[in-house]
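Values quoted throughout were computed directly from the atomic coordinates according to the rules given, and no laboratory measurement underlies them. Predicted model, so just to flag it, every value in this text is computed and none were measured. Glycine gets a Cβ as well: all are built from the backbone with ideal geometry, and neighbour counts include every protein chain shown.
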Amino acid sequence: MDIQKLKEEIIAYSKTIGIDKIGFTTAEPFTELKNRLIRQQELGYQSGFEEPDIEKRTNPALLLKEPQSIISIALAYPAKMKIRVESKKGERRGIFSRASWGLDYHRIIKDRLQKLEEYILTKVPDAHLKSMVDTGELSDRAVAVRAGIGWSGKNCSVITPEFGSYVYIGEMITSLPFEPDNSVEDQCGSCTKCLDACPTGALVQGGQINAQRCISFLTQTKGLIPNEFRDKIGNRVYGCDSCQTACPYNKGKDFHFHGEMEPDPEVAKPLLKPLLSLSNREFKVKFGHVSGAWRGKKPIQRNAMIALAHFKDKTAVPDLIGVLEKDASSVAKGTAAWALGKIGGDQALEALKRAKQSESDSEVLQEIEKGLLLISIERADI
């Protein structure tokens, strides 16, 4: 078998199935990454969504018998909507981050990797292959960097020379001894724009993130958002792009290569008030195909209430009162109480007073008190 010829054939084939960039690296353990992950764990900076076994995250030999190489792929995604919808008074909108525009990227990347696997097996039927994206054991970013897809930016994203950091990535461990590609030189230099742009200071330093402070992570949690982060979330209902939009290497980058990635503006930038009353079925029909739906409707609804508070949307007060009085979730009721306090007004005040008399959940009662305090502070300032 001519392994170099096979590599060239794979590269050529990848272009025909919608892979925008492909790179090859060894299947050696990721020793430096392992040390960083141990340190992140010690500092409590992990999100909890990662594969918990650091050995599996850094040693391909634990995932495939006698691995020889890893193939990394990247697909560029859009940075701008072709059709825009505007947020206006009485019809305020939230925003999903770009990585949740269009069809769930896990499905897109898995489709490309599956096609690549099938092609390789037509050439080498006895090859051993294992593909993964995001939810797999390996660190997609570490693989992509070592395979020459791009460099690891200070914002902890893989930055490609061609597409900036607006890329989805995935990888395939193989039993084939492909020649590794050269890595890409780090081009961040002394730039700190991403660190400066992070709303919560989650980027501790270049290349190190405290996931517990990251808005993207916070919007995916299921509990009450800690007080210090609520005003920072703005109108984000899922994810955060601040460190990407601030990056000079993303300036002017906007690629529309893949039809399934094109966002429906009513999904990517949804009206906020209707989100509060969606049933599980309605949520699944409208949002089930996007990656931002993976945690279900409750986190999205909680974030929508925070966004309505951000806009101080008085037209949302009846909707928020409905959540406070009728929802079974303490997180939803508590967030609604806080949002009512942020928005203020007589109707919100009366609703909070009623709820204080009837509510028995201590967590919700704390949020009701916060709401009442916010209104009293606002009235004292008038």
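In this label model, Ser87 and Glu350 are separated by 2.9 nm, measuring between points 7 Å along each Cα→Cβ vector. Mean residue ellipticity at 222 nm, helices only, the chain: -12500 deg cm²/dmol; runs of at least 4 DSSP H residues each add -39,500 (n - 2.57), and the sum is divided by the number of residues. Proximity of backbone amide H atoms, modeled 1.01 Å from N, is registered between Ile209 and Val204 at under 5 Å, excluding neighbours fewer than 5 places apart on the same chain.
At a Förster radius of 41 Å, what calculated FRET efficiency corresponds to the Cβ-Cβ distance of Lys251 and Gln357, to the nearest 0.05? Approximately 0.15, to the nearest 0.05.
Note the full-extension length gain between Asp111 and Arg281 as 0.36 nm times their separation in residues minus their Cα-Cα distance, in nm to one decimal. Walk me through the numbers on the way to the answer.
Numbers: separation 170, 0.36 × 170 = 61.20 nm, distance 2.61 nm.
Length gained, Asp111 through Arg281: 58.6 nm.
Among beta bridges from DSSP that stay inside the chain, the antiparallel ones total about 95%.
This model, with +1 at the C-beta of Lys and Arg and -1 at the C-beta of Asp and Glu, gives the chain a dipole about its Cα centre of some 1200 debye.
Label-to-label distance, Lys193 versus Glu28, with points set 7 angstrom from Cα along the beta-carbon direction: 3.4 nm. With Cα atoms defining each centre, the stretch 77-124 and the stretch 1-28 are spaced 23 Å apart in the structure.
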